[in-house]
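What follows draws every value from the coordinates through simple rules; no lab data is involved. Quick caveat: nothing in here was measured; it's all calculated off a predicted structure. Every residue, glycine as well, gets a Cβ built from its backbone with ideal geometry; the counts of neighbours run over all protein chains shown.
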């Protein structure tokens with residue numbers, strides 16, 4: 001009996017250090033095994049839990065590293081979301097600029113003698129040169145914002 005117990009204790013470290021594989025089966029269930037999947041699926045190895053011989057200081061340091069990684073990940077996600085929202089807002093502004101430019105171009109091309117406000121509350125007609133410049137600038141805005 002004594003020999004059997006000693007043999008078991010000697011084999012215990014071997015069992016603890018065995019490689020464990022993790023993968024998803026065909027039904028989407030997570031599978032853990034000591035052998036890699038035979039059908040060629042991608043499998044990742046699972047790290048064994050820390051040994052009980054780890055000092056409290058080492059465990060505290062490892063915990064702090066994990067907390068820092070988590071906080072970094074949270075910050076990265078927040079920055080990505082902020083950037084996504086900014087891109088959405090920029091796209092909305094570009095879409096609105098595009099819509100307005102297309103409407104302005106349509107209006108000025110359909111109306112032969114369009115009136116403009118000269119800034120003092122008085123209205124006057126576009127000159128041919130002003131009209132052509134307006135059309136040119138509007139087409140540049142359409143080219144920039146309507147792609």
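The figures follow:
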quantity	calculated
Residue in the stretch 33-48 that is touching a helix residue (DSSP H, G or I) at 6+ places or on another chain (Cβ under 9 Å) and over 30 Å from residue 139 (Cβ atoms) present	yes
Answer residue from the stretch 127-138, given it is closer than 19 Å to residue 100 by Cα and out of contact with any helix residue (DSSP H, G or I) (no Cβ under 7 Å at 6 or more places or on another chain) and is surrounded by the fewest Cβ atoms within 10 Å (Cβ to Cβ) among those	136
Considering residues of the stretch 79-110 that are closer than 30 Å to residue 128 by Cβ and in contact (Cβ under 8 Å) with a residue 24 or more places away in the chain only, the residue surrounded by the most Cβ atoms within 10 Å (Cβ to Cβ)	101
Qualifying residue in the stretch 65-78 (condition: over 22 Å from the mean Cα position of the chain (by Cα) and either under 30 Å from residue 20 (Cβ atoms) or not in a strand (DSSP E or B) (or both))	yes
Unique match (being free of Cβ contacts under 8 Å to residues at least 24 places away in the same chain and either exposed (fewer than 10 other Cβ atoms within 10 Å of the Cβ) or touching a strand residue (DSSP E or B) at 6+ places or on another chain (Cβ under 6 Å) (or both)) among 34, 60	34
